[in-house]
Amino acid sequence: MKRIRMTLASAALLLLCGCNEPSKPESPSTDGNEKKENAVIETMMARRSIRKYLPHAVGRDTMQVILNCGINAPNGQNKQSWEIRVVDNPDFINGVTEVFKQKNPKMAEDPNFKNMFRNAPTVVFIANDLSYDCSQIDCGLLGENMILAAQSMGIGSCCLASPTRFMNDTPEAAEYLKKLDFPEGYQLLYCIAFGYPDETPAAKPRKAEKIRFID
């Protein structure tokens, strides 16, 4: 009986040691199916710039998740050299669009044109710190995080430069720029349209020859 107890104790000890062994990291896949097996890569490859949206705005709770992903982007020295403003107020969007239409009457002739942000119901405005020479890079990383987070949640997006250029350069739009209330030393850099997609555009080809490994 004593011998049986010792045998059982030894077996239990071996089993316990086996359970406590650190798991080995999985080897990277080499079969070319990484995109199908990795949700992050799948999201990146599925992302498209959306230029047609359903009219209802993205809920603020959902936008908060997207914004939190944005501010957790890598940034130089953790300076977080950005300022972010979220606008889902139709009065603001339609108001600045009216100024845009006065300056660009041809755009207003398009029956599908509703606002200058690709008709998106929610717009995120991003300003960069002019005193930091890498702030534009930080703001770009911030925006990419938000875009990918939105894609994973079924929300479309499109980076826009021309509306922000218009707001920065047009005196008649100054009141809307002022409403964004960016602190001194920050300048509106670009904006991102967000909304529920009303189109499913195909991917545009990318130039793989622009990538080179240097030995």
Original post:
By how many nm would the segment from residue 42 to residue 187 lengthen if fully extended, with 0.36 nm per residue of separation less the alpha-carbon distance?
Top reply: 48.8 nm
**OP:** Counting other beta carbons within 10 Å of each Cβ, put 157, 152, 162 in order, fewest first.
**Re:** 162, 152, 157
Original post:
How large is the charge dipole for the range 42-195, taken about the Cα centre, if only the Cβ atoms of Lys, Arg (+1) and Asp, Glu (-1) carry charge, to the nearest 20 debye?
Top reply: 500 debye
Original post:
What net charge is computed for the residues neighbouring residue 53, neighbours being all others with C-beta under 13 Å from the C-beta of residue 53, Lys and Arg scored +1, Asp and Glu -1?
Top reply: +2
Original post:
Does the range 38-107 come out rounded, prolate or oblate by the C-alpha gyration tensor, with a ≥ b ≥ c the root eigenvalues, rounded set by a/c under 1.5 and, if not, prolate when a/b is larger than b/c and oblate if not?
Top reply: prolate
Subject >> Options 104, 80, 115, ranked by Cα towards positive dipole end of the range 74-139, top entry (Cβ charges) >> reply: 104
Original post:
Can you give me the Cα centroid spacing of the range 121-183 and the range 47-62 in angstrom?
Top reply: 16 Å
Subject >> Cross-link pairs 79/179; 101/179; 103/204; 52/204 - those with Cα-Cα distance over 26 Å >> reply: 103/204
**OP:** For the range 64-79, just list the computed ³J(HN,Hα) in residue order, Karplus coefficients 6.51, -1.76 and 1.60, θ = phi - 60°, integers in Hz, with x standing in for Gly and Pro.
**Re:** 5, 4, 4, 5, 5, 5, x, 6, 8, 5, x, 7, x, 6, 6, 6
Original post:
Which of the aspartates and glutamates could a cross-linker bridge to residue 178, judged by Cα under 19 Å and excluding same-chain residues fewer than eight apart?
Top reply: 83, 88, 91, 98, 129, 169
Original post:
For the range 37-178, what class follows from the C-alpha gyration tensor (a ≥ b ≥ c being the square roots of its eigenvalues): rounded when a/c is under 1.5, otherwise prolate if a/b is larger than b/c, else oblate?
Top reply: oblate
Subject >> HN-Hα J in Hz across the range 146-152 - Karplus 6.51, -1.76, 1.60, θ = phi - 60°, x for Gly and Pro >> reply: 5, 4, 5, 4, 4, 4, 5
Subject >> Full-extension gain in nm, residue 200 to residue 78, via 0.36 nm per residue minus C-alpha separation >> reply: 40.3 nm
Subject >> Cut-off 12 Å between beta-carbons: net charge of the residues surrounding residue 107, Lys and Arg +1, Asp and Glu -1 >> reply: +2
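The numbers here are math on the coordinates, done by the rules we state, and not lab data. All values reported here derive from a predicted model rather than from experimental measurement. Note that we place each Cβ from the backbone using ideal geometry, even for glycine, and neighbour counts take in every protein chain shown.
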